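Written below as structure tokens is the structure these notes are about.
Every read-out reported here was derived from the displayed coordinates using simple, explicitly stated rules and does not represent laboratory data. Just so it is clear, the model here is predicted, and its values are computed rather than measured. We place every Cβ from the backbone using ideal geometry, glycine too, and count neighbours over all the protein chains shown.
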Amino acid sequence: MKIICVGRNYAQHIEELNNEKPSEPVLFMKPDSAVLPDKNPLYLPPIAKDFHYEVELVVKINKLGKFIQKEFAHKYYDEIGLGIDVTARDLQSELKAKGLPWEKAKAFHNSAVVSKEFIPKSEFNDLDNLNFSLKKNGELVQKGNTSHMLWKIDELIEYISRFFMLKKGDLIFTGTPAGVGPMSINDEFTGYIEDREMFKVRVK
Ligand code: MG
């Protein structure tokens, strides 16, 4: 299983980090070892000082495919979950400035919080108008709606599968909306799709 992540997929988040709006999706990967085991606290490794949360809708791929066309992309996923793309922001900024790959800042142990539960997409009226949000210590810090994605799920699958063969069980992190911010020890994060609680995790 691999995790393919999309960067810069929400205009307001691009602005908050002073990034350029990309002409194509920005992609990076996390290994399966990045997934935080269920019910474990989120131990942040001693590799950076400034860790950020980025709540993202997660798509679970259900079969093998490459060069998938947009109009068939919907056949390659049945379920939607929620995750946090945990980011070592200070390290990422360093790597970015040097033009180096981001993996050390994005793919470390526990850098992928993934909801245990995935919701069948048939339960939603419109996947391109889905609300999701993140609370930090009970306070709303991020809220997004998939209608604001620069590239929609099916377009992402088309693009990603040109470069990487998708396999059953692969996860796509579809990008974070505005409102990213720091994680500190003892913070508790709760993620929601619409009103449904998808995960609760404590930072250690
Ligand atoms: Mg992200």
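For a test of the definition: using alpha carbon positions, the gyration tensor, and the 1.5 limit on a/c, classify segment 24-73 as rounded, prolate or oblate. The shape class here is prolate. Take 162-172, 6-16 and order them by the average number of nearby Cβ atoms within 10 Å per residue, most first; the result is 6-16, 162-172. Straight-line cross-link reach from K116 at under 13 Å between alpha-carbon atoms covers these aspartates and glutamates, not counting any fewer than eight positions away in the same chain: D38, E79, E197. Anisotropy class assigned to segment 16-101 is oblate, per the alpha carbon gyration tensor with a/c at or over the 1.5 cut-off and a/b no larger than b/c. If R0 is taken as 25 Å, the Cβ-Cβ distance between N62 and H109 corresponds to a FRET efficiency of 0.40.
A simple rule links phi to the HN-Hα coupling: the Karplus curve 6.51 cos²θ - 1.76 cosθ + 1.60 with θ = phi - 60°, which for segment 59-76 gives 9, 9, 6, 10, 7, 5, x, 9, 6, 7, 7, 3, 5, 9, 4, 4, 7, 9 Hz, with x for Gly and Pro. Using the rule -39500 (n - 2.57) for each DSSP H run of four or more residues, divided by the residues of the chain, the 222 nm mean residue ellipticity is -4000 deg cm²/dmol.
Taking a ≥ b ≥ c as the square roots of the eigenvalues of the alpha-carbon gyration tensor, segment 75-204 is classed oblate because a/c is 1.5 or more while a/b is no larger than b/c. Over 32 Å apart at the Cα level, from the set K63/K104; K60/K104; K96/K121; K75/K136, are K96/K121; K75/K136.
Mean separation of Cα pairs under 8 Å and 6+ residues apart, divided by the residue count of the chain: what relative contact order is that in percent?
Reported relative contact order: 34 percent.
Relative to the current alpha-carbon distance between N145 and E117, full extension at 0.36 nm per residue lengthens the span by 8.1 nm.
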